Amino acid sequence: MTEALLIRGGRLVDPVAGLDAVADLRLARGRIAGIGPEAAERGDREFDAGGLVIAPGFCDMHVHFREPGHEYRETVATGAAAAAAGGFTDVGCMANTDPVNDSPAITTHIRRLGQEAGGARVHPIAATTRGMRGERISEFGALARAGAVAVSDDGLPIVNPAVMLRALEYSRYFDLPVIEHCETLELTGDGVMREGAFATCIGLPGIPSASEYLAVERNIGLAEVARARLHIAHISTARAVAAVARAKASGIRVTAEATPHHLLLTDEAVGSFDTAAKMKPPLAAEVDRQTLLGAIADGTIDAIATDHAPHHEDEKCRSFQNAPFGIVGLETAVGLVLDRLVRPGLISLGRAVRLLSTGPRRILGLPGGDLKPGSPADLTLLDLEASAVVRPKSFRSLGRNTPFGGCELTGQPAGVFVGGRAILRG
Amino acid sequence: MRHLLRIRGLPVGQARAILDEAPRYLDVADQPVPRTPALLGRTVVLLFREPSTRTRSSFQLAAKRLSAEPLAFASASSSLSKGETFLDTARTLAAMAPDIIVTRSRESGIPELLAREIPTASVVNAGDGISEHPTQALLDAFTIRRHRGRVRGLTVAIIGDLLHSRVFRSNALLLTMLGARVRCAGPPTLMPPGLERLGVEPRPSVEEALRGADAVMVLRIQHERMHDSFIPSRREYFHEFGLTEERLRPTRDAIVLHPGPLNRAVEISSAVADGPRSVILEQVRNGVAVRMAVLAEIARGRPRGRRRRD
């Protein structure tokens, strides 16, 4: 960005400063340059943000872009465009590409693809272990220098506790968070949805909640021993949330994220074998959902992340048991949070911004998450009154697999500024 | 009736209509030429993606006795057992314009998928994964009704592997829908949570489930359950959970049902299986009649000569 821009009349929401007021915001040289009536300078271009909320740029710390390897599902470019359209300025993309992102070359490649895409910023998350095989840890130092913001074997849990312990210990030197997909494969077995009355009723193999809980407890225990930063991906059950709350209270460096679908849906959404409701961890019971809602409100959960997992239509158009796990989320998350969480008063707008911006940025060590002068000019614009129906066919993402198709959501992302560059909707 | 996908969602009136019609088809079997023209000129495809002899033979015989042309499309040995090719299989089938597709699959939910992908055909579920086996439940209810004169008000005990049993699930739904009390018992490892939601009463022991039962349904125990540590051994299963004359004695005069094939001395003793209360072979005979009633009921709802678009 060359010239300065004055964003006029927007409602600025900065949960770090405790700010929620209509004020002008000035951007210059890719940074926030000033705030308030004195911010304007002669020669500024102006942007009328009347009626819009201006928040620090949202960051989805958990997405799957399928490049390299499965570009028919999603490329870095389509993913970055979907993220920007969905109101995100930054995303953390997981390592389960083909080949796996376990080398600086692939990390650099993904970053470059992200820069060329011109959408949201793409931050690679490198594999914790080589080839995501759970056997030998990857080169965290080289990966961090190439731009990896975290390590994770997401999609697969690290089975061997010794490998997990070493990964956590080693990560400390580079201050990289280890993001773990907490699942106990032996307990998951051939399960495809949450074990419970609904699975019993319709006859699908169930995944017990102990599959997640046991892994969460084990990994918290290892993080305590290693004095390392552990981030629990897509937490979904009440017992796992309680474990995180206990760990936080005793000073263990653990953080957690929840997805919009786990916050809003239960196992009943499987309905009549709907593969758009098949993901890992599976949609849980109402008591789990209520616990998650409490935990995003009280700060036990630090971030809302989508686990955006695009699949091709043909792949999801199989029997429930044969269809792949995962749903897309980048272009529905913000609308869902605003319509289903903020509007009914389950969380405040400030809390939503914290969960979508400040929290995930801090975990990944990204700057911003606030509207302070000097912070990057990464902004998410929200129109709290705009209504839109979720139409998967018009997604920028190549993935159409969502259980929210047809939902009308009031409160929509209106655009983003990425480093001061506007990407506006409509 | 357009399809018979499962008992869940089946209107009770529809279930009763099938049970009321079935005796007619029992009579057909006793005719010198056991044929009736209800499905004359119709194509019934048997799409069985899992090994099955009895259900498949039963449907084949039912279709033949209704003068249809049964076509065995594939077995588990073909490339069809792979999920990847399923949609292409469905489309190939659709191009053959069958009237009725009878489907058996390893995975739950296949009947709905077929019904969606082949909008011109009617789909009958002959067992999908661990989910449902609606014609088995109908023939079981029919068998109980013939012996007890009714289903409403009866107490039925279902014993065994409730977790993996599509026979259990369909029976629980149908029998409670028809007004029976269903109690169940088995090893805790094979009793899934939330059974109450199916309308059944879980009991802590086989003996308690059997007390006062009018009918006892014994479920088949599969060998792989031992490898998965659900049960320690067949010997122990028989000793603790198997239906023996001794366990059956306190029940008044309960009839004994089993979907077959039998594992003698595992879930049921030979003395019970071959004894006076066993109606197991009758179930097989009734099965053909009930399946005829189902196919005929579906055919009635399908106007002839309109196979391309419905």
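Observations, loosely collected:
- Positions within the range B:10-28 being open to solvent by 40 Å² or more (accessible area, probe 1.4 Å) and either among the hydroxyl-bearing types (S, T, Y) or at pLDDT below 95 (or both), in sequence order: B:D27
- Being part of a loop (DSSP other than H, G, I, E, B), open to solvent by 40 Å² or more (accessible area, probe 1.4 Å) and not assigned by TED's automatic domain parsing to the domain that holds A:V416 is a property that A:F320 lacks.
- Residues (part of a strand (DSSP E or B) and either at pLDDT 95 or above or at the interface with chain A (Cβ under 9 Å from one of its Cβ atoms) (or both)) located in the range B:104-141: B:S105, B:S122, B:V123, B:V124, B:N125, B:A126, B:G127, B:D128, B:E132
- Options B:R249, B:R225; residue that is surrounded by 16 or more Cβ atoms within 10 Å (Cβ to Cβ), at pLDDT below 95, of a type in the set (K, R) and over 20 Å from B:V182 (Cβ atoms): B:R225
- Residue check, B:R183 in a strand (DSSP E or B), within 14 Å of another protein chain (Cβ to nearest Cβ) and open to solvent by 10 Å² or more (accessible area, probe 1.4 Å): no
- Subset of the range A:332-352 that is touching a helix residue (DSSP H, G or I) at 6+ places or on another chain (Cβ under 6 Å) and under 25 Å from A:S272 (Cβ atoms) - its residue that is most open to solvent (accessible area, probe 1.4 Å): A:R340
- Single condition A:T255 does not satisfy, out of (1) hydroxyl-bearing (S, T, Y); (2) touching a Lys or Arg at 6+ places or on another chain (Cβ under 9 Å); (3) open to solvent by less than 10 Å² (accessible area, probe 1.4 Å): (3)
- Subset of the range A:265-310 (residues that are over 20 Å from the mean Cα position of the chain (by Cα) and either open to solvent by less than 10 Å² (accessible area, probe 1.4 Å) or not assigned by TED's automatic domain parsing to the domain that holds A:T184 (or both)): A:V270
- Within the range B:85-126, the set of residues being over 19 Å from A:C317 (Cα atoms), touching a helix residue (DSSP H, G or I) at 6+ places or on another chain (Cβ under 8 Å) and small (G, A, S) comprises B:S122, B:A126.
For (1) crowded, with 19+ Cβ neighbours inside 10 Å; (2) β-branched (V, I, T); (3) out of contact with any strand residue (DSSP E or B) (no Cβ under 7 Å at 6 or more places or on another chain), each residue gets a yes or a no:
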{"position": "B:I101", "(1), (2), (3)": "yes, yes, no"}
{"position": "B:L114", "(1), (2), (3)": "yes, no, no"}
{"position": "B:T120", "(1), (2), (3)": "no, yes, yes"}
{"position": "B:P134", "(1), (2), (3)": "yes, no, no"}
{"position": "B:F142", "(1), (2), (3)": "yes, no, yes"}
{"position": "B:R146", "(1), (2), (3)": "no, no, yes"}
{"position": "B:R150", "(1), (2), (3)": "no, no, yes"}
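Let's see how each residue does on (1) within 14 Å of another protein chain (Cβ to nearest Cβ); (2) surrounded by fewer than 19 Cβ atoms within 10 Å (Cβ to Cβ); (3) part of a loop (DSSP other than H, G, I, E, B):
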{"position": "A:L143", "(1), (2), (3)": "no, no, no"}
{"position": "A:I158", "(1), (2), (3)": "no, no, yes"}
{"position": "A:S171", "(1), (2), (3)": "no, no, no"}
{"position": "A:C201", "(1), (2), (3)": "yes, no, no"}
{"position": "A:N219", "(1), (2), (3)": "no, no, no"}
{"position": "A:L222", "(1), (2), (3)": "no, no, no"}
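The values are calculated or read from the model by the stated rules, or taken from the named source; none is laboratory data. All values reported here derive from a predicted model rather than from experimental measurement. Cβ coordinates were reconstructed from backbone atoms using ideal geometry, including for glycine residues, and neighbour counts include every protein chain displayed. The area values use the complete protein model at the heavy-atom level, side chains included, leaving out ligands, DNA and RNA. Shrake-Rupley method; radii C 1.70, N 1.55, O 1.52, S 1.80 Å.
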